[in-house]
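The values are calculated or read from the model by the stated rules, or taken from the named source; none is laboratory data. What you see is a predicted model, and the numbers here were worked out from it, not measured in a lab. Here the Cβ positions follow ideal geometry from the backbone for every residue, glycine too, while neighbour counts run over all protein chains shown. Protein only, heavy atoms only, side chains kept; ligands, DNA and RNA dropped before computing areas. Shrake-Rupley method; radii C 1.70, N 1.55, O 1.52, S 1.80 Å.
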Amino acid sequence: MPPLLEVDRLVIDARTESGATTPIVKDVSFGIDRGEVVALIGESGSGKTTIALSALGYTKPGLEFTSGEVRLEGRDVITMPPGEIRDLRGQRVAYLAQSAAATFNPALTIGEQVTESPLLHGQMNREEAERRAEELYRALELPDPDRLGRRYPHQVSGGQLQRLMAAMALCGKPDLLILDEPTTALDVTTQIEVLKAFKAVIRQEGAAALYVTHDLSVVAQIADRIVVLYAGDVLEHGNADQVINRPSHEYTRRLMAAVRPPPAAGQGDDALEEHLRDHPALAVRDVSAGYGRLMDGSVAVTVLRDVTISVQRGHTMGIIGESGCGKSTLARVMSGLLPASEGAILLDGQQLQPDLRRRDRDQLRRVQFVFQMADVALNPRQRFGGILGRPLGFYFGWRGRERRQRVAELLEMVELPTEFADRYPEELSGGQKQRVNLARALAASPEVLLCDEVISALDTIVGANVIELLKRLRQRSGVSFVFISHDLSTVASFADEIVVLYAGRVVEQGPTDRVLSPPYHPYTRLLIASVPELRIGWLEETMESRVAQAGIDRVVRMTEIGCSFFDRCPLAIEGVCNRETPPVRHLSGGHAIECHRSEAEFIEGIQAA
C-alpha cells in the first residue's frame, strides 16, 4: 500500500531581486503512512515549514516549486488545478499554526470557528458539524464540552485554545495534519497536556501528521519517524528510536547535545563576586500590582501579591511559572511600565518612582527591557544602525562618528558583523534579530536587564548560543539579569537564583541548587516533573505519576483566601490549605518555601509521587 503522502525529490527555489534563483529545499524525499506521525526537525532556516506547506500545494511569496512532486494518495498537489487545491486545503490537509491566539477570530464564538471548514466545503450540515465538534472537545479532554462552543476565544486558557485549534483542523476529518510548532510557546505543564491530547486524537482519528519543530524532547514523545534537515538537505531519516538513541550523522548528534538536561541541582551558574556592592542591583519589597481601577482608586484585578525579591549585582535571577502566574507583570512593575499599587522598587538601594514617567533619564537608562519577540520589538523600516543609535543619542547625546563607532562595538559585543548596521530586520534570521534586540538594550549601559522569554521562539542551538552570550556579557560588565521563562531547563542552566511564582505569589525562592533539590514546593515539583525528556515513552510514564495527575490540566486561579495551589496540590490539607494563607518556611542556605507542610512532609510527598 503506497504512503498517504509522498514527497519525491522536491526542490524549491528562492528568487532574488536580480532574478537569480537560490535553492532552499534540495532534492528532499520522504513518505507518511496513515496513522503515522513524521517529524521534520532542524534549526531555523533549515526548510521545515517550507516543506510542510508544500503538502498544501503552497509556497511563501518569493519562493517557487522548481522540480519534484508532492503526492497525496498518488495525486501531485503542486500541479493540481486551483479548484482542486481549494477543496484539498482544510478538507483533506489541515494546518495547525504555532499561535492559536492569532488563529482564532476574537469576535466569533469558538463553535462558529471550529465548524467553519466542514460547513464551507459542504461536508456536513450544521447539526452534524456541531455534533462532530462536541465529540472532538471530549476526545481532546476539554472542559464543559456541551457548552464550550458558545464561548469566545478569550474565555479559555492558552492550552485549551491550542487544543481547540486541533479540533478546528480535525472537524472536517482531514487525511493529513500539518502541525507547525504547535507547542513551542506553551509552558511545560500546558505543553504536556496538549501533547497527550494530540497524540491520542491522531491515533483515534486514524489521521497522519507532519510535525514541524526544533524541540527534540517533544519529537521523542510524538513522532514515529524523524527527518533531520539542514539548509534544505535531508541529513538523516529513520524511525524515532534510531534517530534519537543511535544517530548516524554528526549534525543530529550536535542537535542532541544542544538539548538541555532536565532541571536538577548542579546546573546553575556561580556568578563572579567581584561585581557585588553593598546593596542589591534591584530589589522588590512587598509589591502588589494589577490591572484596571475601581471607583475608589483600588486595583480591579490583582495579579501580584506581597512579592519580595533581590537581584545582586552581576547575578541572574530566574523567574519561572506557568502562563498567568504573574512573571511578565513582575517585569513590567520593575521597569515602571506598570506602577505597583503597593510596595517599593529599589535600584542600588535607592527607591524608584513606581511609574517610569516619573523616573529620571539616568534611572531609565539603568534598567532596560529585552522583549520576547524581536520581530515586533524592532522597527522594520529602520536600519540597525538607526535602531542602536537612538538610545545612544537619547541617553548620552552621542552623534556622528562617535555614535557609529559605538554601534559597531555593540554589534561586536553580541557577536554580529559590523556591516549589519546597514541592514533591515527582514534581512536577518530570528536568532540574529534577537541579538540586535539585546544590543539595543545594552546600548544604554544598563545595570539590570529584564529578559522576558527572550529565547522561547528560537531553535535549540540558536537559543543555547544566546544564553552563552548573556553569560559572557555578565562576566565582562557585571550587568544583572532578571530572566523570565517557562523553560525551566534553560533557567536551571543559567540562573544563580530562582524565584517560583504561582498565582502572583512567590511560593519558593533561593539559590538554583537549593530550589532544584528536595525539598521542593509541590508546585516546583510539578514544574520539574513536566519538563519533557529526550526519551521515548517519557510522556506516558509522566502522566501516570501522582504529581501529574493532581496538577496537569488545571488553570491558574488567584484566590483571596488560602493557598491558590490547593486544587492542584497532591499534598493539600482540606480545611487548612483552602482557608489559611500559607506561612513562609525559611530553610538552610537562603532557601524559602511558602507552604503549610513541613520540610519532612515535602520529602515524604516526593517519595510517594
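May I ask you to give the percent of accessible area on the chain that is carbon plus sulfur, with a probe radius of 1.4 Å? Here carbon and sulfur together make up 47 percent of the probe-accessible area. For region 5-258, a simple Cβ point-charge model (Lys and Arg +1, Asp and Glu -1, everything else neutral) yields a dipole of about 260 debye relative to the Cα centre. The C-alpha atoms of the chain define a longest principal axis, and helix 400-413 lies at about 70 degrees to it. Per-residue packing, averaged as other Cβ atoms within 10 Å, sorts the ranges 427-439, 370-382 into the order 427-439, 370-382, beginning with the highest. DSSP beta bridges confined to the chain are antiparallel in about 60 percent of cases. What the Cβ-Cβ distance of Q350 and D306 gives, at R0 = 22 Å and to the nearest 0.05, is a FRET efficiency of 0.50.
Going by the alpha-carbon gyration tensor, a ≥ b ≥ c the square roots of its eigenvalues, is region 174-231 rounded (a/c under 1.5) or, if a/c is not under 1.5, prolate (a/b greater than b/c) versus oblate? Taking the square roots of the gyration eigenvalues as a ≥ b ≥ c, region 174-231 is oblate. Considering only DSSP beta bridges with both partners in region 273-455, what is the antiparallel share in %, to the nearest 5? In region 273-455, DSSP labels about 80 percent of beta bridges as antiparallel. Dividing the mean sequence gap of close Cα pairs (under 8 Å, 6+ apart) by how many residues the chain holds gives a relative contact order of 14 percent. Take the Cα of R34, step 7 Å toward its Cβ, do the same at R138, and the gap between the two points is 2.4 nm.
Among the aspartates and glutamates, which have Cα under 14 Å from the Cα of K60 when same-chain residues fewer than 8 positions away are ignored? Those aspartates and glutamates meeting the cut-off are D13. Model label points for T22 and Q475, set 7 angstrom from Cα along the Cα-to-Cβ axis, are 3.4 nm apart. Sorting 120-130, 499-509 by their mean Cβ neighbour count within 10 Å, with the most densely packed peptide first, gives 499-509, 120-130.
Keeping every protein chain present and rolling a 1.4 Å probe, give me the accessible area per residue for the chain in Å².
43 Å²
Given the alternatives [x] 32.2; [y] 29.8; [z] 39.5, mean projected area of the Cα convex hull in nm² as computed for this entry is given by [y]. Simple point charges give the picture: +1 on the Cβ of Lys and Arg, -1 on the Cβ of Asp and Glu, and for region 129-237 a dipole about the Cα centre of about 440 debye. The spacing between region 71-122 and region 389-438, judged by their C-alpha centroids, is 42 Å.
Cross-link reach is defined here as a Cα-Cα straight distance under 29 Å, omitting same-chain residues fewer than 8 places apart; for K471 the lysines meeting it are K327, K433. Between the listed residues V376, G321, P391, the Cα displaced farthest toward the positive end of the dipole of region 273-455, a dipole computed from Cβ unit charges relative to the Cα centre, is found at P391.
The lysines whose alpha-carbon is closer than 21 Å to the alpha-carbon of K196, local same-chain residues fewer than 8 away aside, are K173. Pairs of Cα atoms nearer than 8 Å and 6+ residues apart set the relative contact order; for region 5-258 it is 27 percent.
By DSSP, the beta bridges lying fully in region 5-258 are antiparallel in about 55 percent of cases.
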